[in-house]
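Colleague: Structure in structure tokens, see below.
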Amino acid sequence: MMQVADARLSPFNELKARAVAARFLTLAGGRINILKLVKLIYLVDRESTKRRNIPVVGGLYVSMKYGPLTSELLDKINGEETRGDWSLHISDRNNHEVALEKEVGDLSDQLSDSEESLVDQLFEQTKDMSQWELSHWCHRNCSEWNPVETGMEPINPSAFLRAIGKTAEEQQRILAHAQEADFLENLLGAEN
């Protein structure tokens, strides 16, 4: 059975997750459906890994009934993970939505120009899609996702990398980097 540490391309970065969520919320006018937000952030990581060989947010990618997402991000939104400062910028869930709680000035330097551009491009491509349309899009276009009726199942990092077109050599290099990042996080006790 796959261990959690073995199933991540990089450790979850709560600060970057908050910055990406805040940027999507800003682009959406301050409120966004939770299902749509978790799909968008997953797709940011997917496209970033495709382009740059590294995700923006990282974490444990899982298959759930309505498509792929990042487990730690869902925990933050659901209030199950209270470490970090998520609630400084993002509201508690209300009517299947979250809202921007505070201006994002202090988050603006957390994302590189290319990461901000990626978020903006993805928002522009999906702004007219409902959460259900985006969920169905992920079902059709994210071959690493496995249908599950209940609960969640980790997405194998090799399947994720194959799905975005990485060669066997690229997969080995990316997975070796992921193991190093996990090792360093565990060694240093890093908390994002």
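Read-outs throughout are calculated quantities, based only on the coordinates presented, and are distinct from any laboratory measurement. These numbers come from a predicted model, not from an experiment. Don't worry about glycine lacking a Cβ; one is built from the backbone with ideal geometry, like all the others, and counts go over all protein chains shown.
Colleague: Please build a GNM for the chain, connecting alpha carbons under 10 Å apart, and tell me which residue among Asp113, Asp45, Asp92 fluctuates the most.
Modeller: Per the Cα network of the chain with a 10 Å cutoff, Asp113 tops the list.
Colleague: Once R0 is set to 41 Å, what does the formula 1/(1 + (r/R0)^6) return for the Cβ-Cβ distance between Leu88 and Ala168, expressed as a FRET efficiency to the nearest 0.05?
Modeller: Values: r = 42 Å, r/R0 = 1.03.
With R0 = 41 Å, the Cβ-Cβ based efficiency is 0.45.
Colleague: Can you tally the net charge around Gly165? Count Lys and Arg as +1, Asp and Glu as -1, for every other residue whose Cβ sits under 14 Å from the Cβ of Gly165. Each step should come with its number before you reach the end.
Modeller: Details: positive: Arg46, Lys50, Arg51, Arg52, Arg162, Lys166; negative: Glu47, Glu144, Glu169, Glu170.
Net charge around Gly165: +2.
Colleague: So I have [x] 28.0, 85; [y] 15.6, 45; [z] 16.5, 62, and one of them is Rg and Dmax of the Cα atoms in Å calculated from this model. Which one is it?
Modeller: [y]
Colleague: A further question follows. With labels modelled as points extended 7 Å from the Cα through the Cβ direction, what inter-label distance (nm, one decimal) is found for Asn146 paired with Asp120?
Modeller: 3.9 nm
Colleague: Rank Ala17, Ala159, Ala178 by mean-square fluctuation in a GNM of the chain with C-alpha springs under 10 angstrom and give only the top-ranked residue.
Modeller: Ala159
Colleague: Cβ under 12 Å from Glu116's Cβ, Glu116 left aside: what net charge do those residues give with Lys, Arg +1 and Asp, Glu -1? Could the numbers behind the result be given before it?
Modeller: Values: positive: Lys16, Arg23; negative: Asp109, Asp113, Glu115, Asp120.
With Lys, Arg at +1 and Asp, Glu at -1, the neighbours total -2.
Colleague: Using a Gaussian network model of the chain whose springs link C-alpha atoms within less than 10 Å, name the residue from Leu88, Leu175, Leu60 with the highest mean-square fluctuation.
Modeller: The residue that fluctuates most here is Leu88.
Colleague: Hey, rough spin-label estimate for Lys127 and Asn53, points 7 angstrom out along Cα→Cβ, what's it come to in nanometres?
Modeller: With each label point 7 Å from Cα toward Cβ, the separation is 3.4 nm.
Colleague: Separate question: Expressed as a rounded percentage, what relative contact order does the chain have, with Cα pairs under 8 Å and six or more residues apart?
Modeller: Values: 289 pairs, mean separation 62.4, N = 192.
Relative contact order of the chain: 33 percent.
Colleague: Given the rule -39500 (n - 2.57) for each run of at least 4 DSSP H residues, summed and divided by the residues of the chain, what is its mean residue ellipticity at 222 nm, to the nearest 500 deg cm²/dmol?
Modeller: Numbers: 8 runs with 98 residues, N = 192.
Taking each H run of at least 4 residues, the total per residue is -16000 deg cm²/dmol.
Colleague: Sticking with this structure for a sec: In debye to the nearest 20, how big a dipole does segment 5-188 give about its Cα centre with +1 on each Lys and Arg Cβ and -1 on each Asp and Glu Cβ? Kindly include the intermediate steps, with their values, before the conclusion.
Modeller: Numbers: 21 positive and 30 negative charges, 101 e Å.
Once rounded to the nearest 20, the dipole reads 480 debye.
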